[in-house]
Amino acid sequence: MVDPIFVSPLFMNFILPFVLIFTLIFAILQKTQLLGENKQQIDAMIGAVVGIILIATPYARDIVVLLMPFLAVVASILLVFMLLYGFMMGKTNGDVLDQGWKYAFGAILAVALGTFLLMITGYWDLVYNYLFSREGSPNLWINVLLIAIAVGAVVAVIKGGAGNSE
């Protein structure tokens with residue numbers, strides 16, 4: 001069976017990296033106008049040369065090819081986080097109470113998204129066992145809880161003291 005063109009080694013290792021780097025270099029040169037205004041042909045030539053140099057250098061090309069899936073995954077995770085965060089918060093009137101809720105919902109969303117990512121990647125059991133099933137884990141969590149309470153008390157005293165200084 002013939003592989004689709006989008007997963008062929010020629011397409012994945014040569015055409016896509018060339019197009020990516022050509023487009024990136026061309027866009028940077030156009031935006032910065034480093035070589036002057038209305039120099040699209042020169043910017044395109046430089047972009048093409050840099051793209052050809054990239055695909056002719058296996059080490060650099062491999063870095064770009066291996067880095068792009070990571071970029072796609074991280075961009076997708078950030079998109080999901082921003083969509084859910086925007087959906088949860090909507091428009092606020094800028095009140096201090098709204099800011100507190102915004103931070104609280106953002107933290108809950110970050111923990112939920114992180115937990116979900118651990119679960120779908122198969123690392124949840126490893127992390128769970130490391131945090132909760134080791135010898136001494138209860139002592140660790142008791143210490144974390146006590147430190148969190150102490151930090152919360154200090155923050156409450158500082159915030160409460162700042163409001164009474166009038």
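Specify which of the listed residues (54, 29) is touching a residue at least 24 places away in the same chain (Cβ under 8 Å) and assigned to a helix (DSSP H, G or I). Steps first, answer last, please.
Values: 29 fails: touching a residue at least 24 places away in the same chain (Cβ under 8 Å).
From the options 54, 29, the qualifying one is 54.
In this structure, is residue 22 of a type in the set (Phe, Trp, Tyr) and at pLDDT 95 or above? Before the answer, list the steps.
On the way: of a type in the set (Phe, Trp, Tyr): yes; at pLDDT 95 or above: yes.
Yes, satisfied.
If I ask for residues that are under 22 Å from the mean Cα position of the chain (by Cα) and surrounded by 11 or more Cβ atoms within 10 Å (Cβ to Cβ), which ones from the stretch 30-66 would you list?
Keep residues of the stretch 30-66 that are under 22 Å from the mean Cα position of the chain (by Cα), which gives 62-66.
Those that are under 22 Å from the mean Cα position of the chain (by Cα) and surrounded by 11 or more Cβ atoms within 10 Å (Cβ to Cβ): 62, 63, 64, 65.
Tally time: how many residues in the stretch 79-92 are under 20 Å from residue 110 (Cβ atoms) and surrounded by fewer than 12 Cβ atoms within 10 Å (Cβ to Cβ)? So that I can check it myself, show each step before the final result.
Step one: list which residues in the stretch 79-92 are under 20 Å from residue 110 (Cβ atoms), which gives 79-90, 92.
Subsequent filtering for residues that are surrounded by fewer than 12 Cβ atoms within 10 Å (Cβ to Cβ) retains 79, 82-83, 86-87, 90, 92.
The qualifying residues number 7.
Of the residues 77, 108, which single one is closer than 26 Å to residue 152 by Cβ, in a helix (DSSP H, G or I), at pLDDT 85 or above and out of contact with any strand residue (DSSP E or B) (no Cβ under 8 Å at 6 or more places or on another chain)? Steps first, please.
Values: 77 fails: closer than 26 Å to residue 152 by Cβ.
Answer to the check: 108.
Do we find a residue being hydroxyl-bearing (Ser, Thr, Tyr) and assigned to a helix (DSSP H, G or I) anywhere in the stretch 5-22? It would help to see each step written out before you state the result.
The first filter runs over the stretch 5-22 and keeps only residues hydroxyl-bearing (Ser, Thr, Tyr), leaving 8.
Next, only the ones that are assigned to a helix (DSSP H, G or I) stay: none.
Among the residues of the stretch 5-22, not one is hydroxyl-bearing (Ser, Thr, Tyr) and assigned to a helix (DSSP H, G or I), which makes the answer no.
Looking only at residues that are β-branched (Val, Ile, Thr) and within 14 Å of residue 53 (Cα to Cα) in the stretch 2-19, which one is modelled with the lowest pLDDT?
15
The values are calculated or read from the model by the stated rules, or taken from the named source; none is laboratory data. If you're wondering where the values come from, they're calculated on a predicted model, not measured in any experiment. A quick note on method: Cβ atoms are made from the backbone with ideal geometry, for glycine too, and the neighbour counts reach across all protein chains shown.
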